[in-house]
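The values are calculated or read from the model by the stated rules, or taken from the named source; none is laboratory data. Owing to the predicted nature of the structure, the values given are computational and were not obtained by experimental measurement. When we count neighbours, we look across all protein chains shown, and the Cβ atoms used for this are built from the backbone with ideal geometry, even at glycine.
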Amino acid sequence: MSPRPDPTQQERMLAEDDFIVSKTDPKGIITYGNRIFIAISGYSEEELLGSPHNILRHPDMPRAVFKLLWDTLQARQEINAYVKNLAKDGSFYWVFANITPSLDRRGEVIGYYSVRRKPRPEAVQTVAALYRTMLDAERKAGDGQAGMKASLAILNRTLEEKGMGYDEFVLGL
Amino acid sequence: MTNLSLGSRIHYLIAAILGLFLAFAYFAVAPKGLDLRLGLLLGLILALFALTLWTSYRILHAIDRLASNLQLAAQGNLDQRITRIKKGAATERLSWALNDLLDQQEAYFREVFSAFDHASRGQTYRLAMDQGLHGAFKDAMTRINVSVESLGQVQQMALKEKLVARVTDLNSGNLIQNLRSIQDYLLSMTKELGTVGDLSRETAGEADASRITIEGIVADLNRVAEMVASTNAQIEHIHEKSTEITQIVQVITEVADRTNLLALNAAIEAAHAGEVGKGFAVVAEEVRTLSENTKDAAATIAATIESFGQATSRMLADSQEVKEITETSRATVTAFSGSVRRFAESARTSFQQVSRAQDVSFASLVKVDHFLFKQNGYRVVNQGMDSPEARAVQADHRGCRLGQWYYQGQGAELFARVPSYARLEAPHAQVHSHIHQAVTLLGQRWQSDPEVQAKVVAQFEQAERASEEVVAIIDRMVDERHHTRV
């Protein structure tokens, strides 16, 4: 796989009526992407298939968000999250992602199904500000466990102030 | 032919065309021999055949893949997708269209599942997201969200009802226990009040008897005082008379002294007369002796009278004292008689109050019995038809504790003569009838039938109304018994 591209300030937008669909195996390796995904990410289908999903990870994203995401999925729960993604050409695009685990008949995880929709711009503003403070905390703490803890603490404090759970908070933005 | 697959049919068709072509080529070539141009043409045609065969094979393979994917989708497996789709391939659009369809379907079902899953846990904020869905999927999602919202509300209501039902059940369970403890308490209180009532009745009787006794004592004392007063008067009279006697005795003494002096003078004169006076001297001596005797007797009388006077003086003093003591006793006993009268009155009042309290506590006891019966009826809703509560409410209005009290027990004994007694029977029988009907309805499938539920509630409501009347009549019975007596 080619090295991760340098981010630019160029923004790509999802159309109102479209959604990105992708599937991964239990380890996060992409097994399917729809045409919207291929078009907006800038990668070809060949390039996407077999690659880890995190080739799209933007450096502005706090790691705590992905930890929360994986923890939730491993508990076999759905997760909703605002995510800033990195396209192949370095541009970015914001999505509101809904990821659900795919289970076999015995209840074992056989993969994940992700639908990503165009987020409301106001919600993106709120989330971007929150992510910035979380990211700062992570960087200040030197990116270890301490950073993760500090970052999650910021998220939890925000939720506490609103008196909501995480789900209710993101779905209400 | 009809049993063959499309691929086989195309292959057979191509093979048939090729066979015909080869036969045609043979008949074309055989008479003249093969010339170069004809050979090239035949070669070209053969090559085209080969290409057609290859292309048809590729298309057929792709269609096969699509068909098996569609087959899986038809079986409800929306997971698989066609990947590595060649740009410009004949089936490119078909493949993506199938993928898009599956994406729409899978996103739709996952959204619906998530939304209902959350709603069923009362989390109404998680609506199904219709953004990115198209046409019928989007329309269906909009309608489904209405259901999700109402399901969420129903779920919350159901949760609330569950809590209410559990709390109510807990409450009524405890209420029954509480009522039972009140029942025990009232029972022992009624017993104790019975004892207190007996005691206060005895006290009131004894106080009345004491009052009568004391009034007798007061009358006796009055008589004693009167007698002392009359004795006193008589003693004073005697005292006066004795003074008179003393004066008379003095007169007698003086007469005796003078007589003595006269007798002495007579004796002297007799001596002067000598022998002649001798007889006179004897008379004079006798007179002197008589006067001496008289004087002595008078002195004895005086002494007697004097001691008599002393005795009457003492008697007078004594009887004065007796009079005073009697007066004091009479005042004390009169005051005591007043307190005994008041005591007797209050004993009578407290006997009446205790008797009323006893009736009130008896009435409360049968009311509690009645409430317990009703509570058991309510408990059947949660406890079911096999519960002890269901068996407890089988009693009719004669067999229940209130009924036993009313028809055979203290209710009949104490209250049969008050006007409200007769009015209790009808509403009491109604309470039983309505509770019985409610419980019978609870034996049906009321959980899923709102009509039966409404009937159950109506029966309980009617039972409550009749029960209010029962309670009011019991209160009136107690009032009537005591207003007529007090």
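For residues in the stretch A:24-37 being within 14 Å of another protein chain (Cβ to nearest Cβ) and surrounded by fewer than 18 Cβ atoms within 10 Å (Cβ to Cβ), which is farthest from A:Ser91 (Cα to Cα)? Break it down stepwise before answering.
Of all residues in the stretch A:24-37, those within 14 Å of another protein chain (Cβ to nearest Cβ) come to A:24-26, A:29-37.
Add one more test, that the residue is surrounded by fewer than 18 Cβ atoms within 10 Å (Cβ to Cβ), and what stays is A:25-26, A:29, A:31, A:35.
Numbers: A:Asp25: 26, A:Pro26: 28, A:Ile29: 22, A:Thr31: 23, A:Arg35: 18 Å.
My answer is A:Pro26.
Just to verify a result, which residue in the stretch B:76-116, among those that are more than 8 Å from every other protein chain (Cβ to nearest Cβ) and of a type in the set (Lys, Arg), is nearest to B:Gln156 (Cα to Cα)?
B:Arg93
Does A:Val124 meet the test of being in contact (Cβ under 8 Å) with a residue 40 or more places away in the chain, more than 14 Å from chain B (Cβ to nearest Cβ) and either at positive phi or of a type in the set (Val, Ile, Thr) (or both)?
Criteria met by A:Val124.
Given the residues B:Ser147, B:Ser56, which is the only one that is hydroxyl-bearing (Ser, Thr, Tyr), on the phi < 0 side of the Ramachandran plot, touching a His at 6+ places or on another chain (Cβ under 9 Å) and away from chain A (no Cβ under 14 Å)?
B:Ser56
Of everything in the stretch B:380-397 that's modelled with pLDDT under 85 and in a helix (DSSP H, G or I), which residue is nearest to B:Pro427 (Cα to Cα)?
Ranking the qualifying residues of the stretch B:380-397, first place goes to B:Val381.
Just to verify a result, which residue in the stretch B:117-126, among those that are more than 8 Å from every other protein chain (Cβ to nearest Cβ), of a type outside the set (Ser, Thr, Tyr) and not in a helix (DSSP H, G or I), is farthest from B:Gln153 (Cα to Cα)?
That would be B:Arg121.
Which numbered condition in (1) within 11 Å of chain B (Cβ to nearest Cβ); (2) hydrophobic (A, V, I, L, M, F, W, C); (3) not in a helix (DSSP H, G or I) is the only one that A:Phe169 fails?
Tallying (1) within 11 Å of chain B (Cβ to nearest Cβ); (2) hydrophobic (A, V, I, L, M, F, W, C); (3) not in a helix (DSSP H, G or I), A:Phe169 fails exactly one: (3).
Considering the stretch B:127-144 alone, what residues qualify as being more than 14 Å from chain A (Cβ to nearest Cβ) and surrounded by 16 or more Cβ atoms within 10 Å (Cβ to Cβ)?
Listed by number, the list holds a single entry, B:Ile144.
Any residue at all in the stretch A:53-66 that's part of a loop (DSSP other than H, G, I, E, B), away from chain B (no Cβ under 14 Å), surrounded by 20 or more Cβ atoms within 10 Å (Cβ to Cβ) and touching a strand residue (DSSP E or B) at 6+ places or on another chain (Cβ under 8 Å)?
Within the stretch A:53-66, one or more residues are part of a loop (DSSP other than H, G, I, E, B), away from chain B (no Cβ under 14 Å), surrounded by 20 or more Cβ atoms within 10 Å (Cβ to Cβ) and touching a strand residue (DSSP E or B) at 6+ places or on another chain (Cβ under 8 Å).
Could you list, in sequence order, the residues of the stretch B:222-267 that are farther than 30 Å from B:Ile305 by Cβ and surrounded by 13 or more Cβ atoms within 10 Å (Cβ to Cβ)?
Residues satisfying the conditions are B:Asn222, B:Val224, B:Ala225, B:Ala266, B:Ala267.
Out of everything in the stretch A:105-121 that is among the charged types (D, E, K, R) and within 20 Å of A:Asp18 (Cβ to Cβ), what residue ends up being modelled with the lowest pLDDT?
In this case the residue turns out to be A:Arg120.
Run B:Leu372 past the list (1) modelled with pLDDT of 85 or more; (2) in contact with a Phe, Trp or Tyr (Cβ under 9 Å, 6 or more places away or on another chain) and report the number of the one that doesn't hold.
(2)
Across the stretch A:134-166, which residue is surrounded by the most Cβ atoms within 10 Å (Cβ to Cβ) among those that are outside any helix (DSSP H, G or I) and within 14 Å of another protein chain (Cβ to nearest Cβ)? Explain how you work it out, then say what you get.
Residues of the stretch A:134-166 that are outside any helix (DSSP H, G or I), as a first pass: A:141-144, A:163-165.
Next, only the ones that are within 14 Å of another protein chain (Cβ to nearest Cβ) stay: A:163-165.
Numbers: A:Gly163: 8, A:Met164: 15, A:Gly165: 12.
Of everything passing the filter in the stretch A:134-166, A:Met164 is surrounded by the most Cβ atoms within 10 Å (Cβ to Cβ).
Only residues in the stretch A:102-113 that are within 11 Å of chain B (Cβ to nearest Cβ) count as the first member; pair them with residues that are at pLDDT below 90, Cβ under 6 angstrom, at least 6 apart or cross-chain, and list the lot.
A:Ile110/A:Asp104
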